[in-house]
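The values are calculated or read from the model by the stated rules, or taken from the named source; none is laboratory data. It should be emphasised that the depicted structure is a prediction, and the values quoted were computed from it without experimental measurement. Using ideal geometry, Cβ is built from the backbone for each residue, glycine included, and neighbour counts are taken over all protein chains shown.
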Amino acid sequence: MFSPQFPQADGKIKNRPVILLRELPPYKDFLVCDVSTQLHQEVPGFDDIISPSDPDFAVSGLRSQSLIRLGFLAVLPPNQIIGSIGAISSERHQPD
């Protein structure tokens, strides 16, 4: 879990948690997805909710139940990644 300056739908830039999905060649940019506490934005069957009761929540660095928004993707250069706040399990990171 990383905290970059992530572009919002309204065009504003905000520091927020994201999940690094893949490093993209050849420039080493990152494909990331947004993590949000706005659970009402969930796309059922597509997005993933991470809750305090989940085994990987404690190491995620998140403070409250959050939505991993798989449909909210961005490509970010490494210099926009501020730092790591935690991790998710490798099982959660794998496609179904």
Practice task
Return a yes/no flag: does region 69-80 have any residue that is over 17 Å from Asn15 (Cβ atoms), touching a helix residue (DSSP H, G or I) at 6+ places or on another chain (Cβ under 8 Å) and surrounded by 12 or more Cβ atoms within 10 Å (Cβ to Cβ).
Solution key: no
Practice task
Residue by residue through region 21-35, note down the ones that are under 16 Å from Ile50 (Cβ atoms) and hydrophobic (A, V, I, L, M, F, W, C).
Solution key: Leu21, Val32, Cys33, Val35
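Quick one: in region 68-82, of everything that is of a type outside the set (A, V, I, L, M) and either without any contact (Cβ under 8 Å) to a residue 40 or more places away in the chain or in a strand (DSSP E or B) (or both), which residue is nearest to His40 (Cα to Cα)?
As a first pass, look at region 68-82 and keep what is of a type outside the set (A, V, I, L, M): 69, 71-72, 77-80.
Retained after the next criterion (residues that are either without any contact (Cβ under 8 Å) to a residue 40 or more places away in the chain or in a strand (DSSP E or B) (or both)): 69, 71-72, 79.
Working: Arg69: 11, Gly71: 14, Phe72: 14, Asn79: 31 Å.
Filtering first and then ranking leaves Arg69.
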Completion exercise
Per the filter on region 83-96, residues loosely packed, with under 14 Cβ neighbours inside 10 Å and either assigned to a strand (DSSP E or B) or of a type in the set (Lys, Arg) (or both) are Gly83, Ser84
Exercise for the section: Could you check, for region 81-89, whether at least one of its residues is within 22 Å of Ala9 (Cα to Cα) and modelled with pLDDT under 90? Expected result: yes
Practice task
Please find, within region 22-53, the residue that is modelled with the lowest pLDDT out of those that are under 12 Å from Ala74 (Cβ atoms) and acidic (Asp, Glu).
Solution key: Asp34
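Of all residues being of a type in the set (Lys, Arg) and outside any strand (DSSP E or B) in region 7-24, which is surrounded by the most Cβ atoms within 10 Å (Cβ to Cβ)? Just the residue, please. Reasoning before the result, please.
Within region 7-24, the first condition is being of a type in the set (Lys, Arg), and the residues that meet it are 12, 14, 16, 22.
With outside any strand (DSSP E or B) added as a condition, the list becomes 12, 16.
Working: Lys12: 8, Arg16: 15.
Looking at residues that are of a type in the set (Lys, Arg) and outside any strand (DSSP E or B), I get Arg16.
Here's a check for you: in region 25-57, which residue that is touching a residue at least 40 places away in the same chain (Cβ under 8 Å) and in a loop (DSSP other than H, G, I, E, B) is farthest from the chain's Cα centre (by Cα)? Give the derivation first.
Within region 25-57, the subset touching a residue at least 40 places away in the same chain (Cβ under 8 Å) is 27-34, 48, 50.
If we keep only those that are in a loop (DSSP other than H, G, I, E, B) as well, we get 27-28.
On the way: Tyr27: 21, Lys28: 18 Å.
Among those that are touching a residue at least 40 places away in the same chain (Cβ under 8 Å) and in a loop (DSSP other than H, G, I, E, B), it is Tyr27.
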Handout entry: Check on Val32, closer than 21 Å to Gln94 by Cβ and crowded, with 16+ Cβ neighbours inside 10 Å
Key = yes
Problem - Selection status of Ile50, surrounded by 15 or more Cβ atoms within 10 Å (Cβ to Cβ) and not charged (D, E, K, R) - result: yes
